[in-house]
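A short worksheet on the structure shown next.
The values are calculated or read from the model by the stated rules, or taken from the named source; none is laboratory data. All values derive from a computational prediction rather than experimental measurement. Note that we place each Cβ from the backbone using ideal geometry, even for glycine, and neighbour counts take in every protein chain shown. Side chains are part of the model used for accessible areas, which takes the heavy atoms of the whole protein and leaves out ligands, DNA and RNA. Shrake-Rupley method; radii C 1.70, N 1.55, O 1.52, S 1.80 Å.
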Amino acid sequence: MSQRRRTLFCKREAETAFPPPSRGRDRERGRSFSENAILAGMNTGRARALRATMTDAERVLWRALRCKQLDAMRFRRQQPIGPYVADLYCAAARLVVEVDGGQHAEGADATRDARLAALGYGVLRFWNNDVLGNIEGVIETIRVVVAGRAGPS
């Protein structure tokens, strides 16, 4: 795919997936519209770097979810959401899927989950060994949650 085509595709995809938030909601959160744009821009480069250095568990789960393999639902990997970068994200269900190894801190994860939930996102967390050892169970759990959150299609 040419660079121009890729740029147009990514731009069109970003416009349809994440319409700009209204200015009123931003003020309620204590941030201006430009601050949200800056946060998203800062995380884009970080997300690209994380896509290149995915863990083995993230790769296994991504292979199972990519290309609409799970009930025709589209997942994105290393998706910037506000100040965070989600490991996997389904926009139709507003579901964040996190694959955690030993490097994750419980307190920071709980704070992040609470902030994402306050913004209307559902969060599923799986340990690396669950993904690597029981991928069918992980996929079935995600399928059930996505079906519950996505609503009628």
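Candidates are the residues of region 96-107 that are open to solvent by less than 30 Å² (accessible area, probe 1.4 Å) and at pLDDT below 90; the one that is nearest to the chain's Cα centre (by Cα) is ASP100.
Of all the numbered requirements in (1) surrounded by fewer than 19 Cβ atoms within 10 Å (Cβ to Cβ); (2) out of contact with any Phe, Trp or Tyr (no Cβ under 6 Å at 6 or more places or on another chain), ALA93 misses one, and that requirement is (1). Scanning region 45-61 for residues that are farther than 26 Å from ALA150 by Cβ and not in a loop (DSSP other than H, G, I, E, B), we see that the one that is modelled with the highest pLDDT is ASP56.
The numbered conditions (1) modelled with pLDDT under 80; (2) within 18 Å of GLY148 (Cα to Cα) are all true for MET73 except (1). Out of the residues in region 62-90 that are assigned to a strand (DSSP E or B) and more than 11 Å from the chain's Cα centre (by Cα), which is surrounded by the most Cβ atoms within 10 Å (Cβ to Cβ)? Taking the candidates together, the pick is MET73. Residues of region 76-115 that are farther than 19 Å from VAL145 by Cβ and acidic (Asp, Glu): GLU106 alone.
The residue pairs whose first member lies in region 63-83 and is more than 25 Å from ALA114 (Cβ to Cβ), whose second member is at pLDDT below 85 and part of a loop (DSSP other than H, G, I, E, B), and whose beta carbons are closer than 8 Å, counting only pairs six or more residues apart or on different chains, are ARG74/LYS68. So which residues in region 58-75 are within 15 Å of LEU124 (Cβ to Cβ) and in contact with a Phe, Trp or Tyr (Cβ under 9 Å, 6 or more places away or on another chain), if there are any at all? Passing the criteria: LEU61, TRP62, LEU65, PHE75. Within region 108-127, identify whether any single residue is free of Cβ contacts under 8 Å to residues at least 60 places away in the same chain, under 16 Å from THR55 (Cβ atoms) and exposed (fewer than 14 other Cβ atoms within 10 Å of the Cβ), and answer yes or no. Checked against the condition, which is being free of Cβ contacts under 8 Å to residues at least 60 places away in the same chain, under 16 Å from THR55 (Cβ atoms) and exposed (fewer than 14 other Cβ atoms within 10 Å of the Cβ), region 108-127 yields no hits at all. Pairs are defined by a Cβ separation below 7 Å, a sequence spacing of at least 6 or placement on different chains, a first member in region 132-151 that is farther than 25 Å from ASP56 by Cβ and modelled with pLDDT of 95 or more, and a second member that is outside any helix (DSSP H, G or I) and not small (Gly, Ala, Ser); no pair meets this definition. For the criterion of being small (Gly, Ala, Ser), within 14 Å of the chain's Cα centre (by Cα) and more than 23 Å from THR44 (Cβ to Cβ), ALA117 passes.
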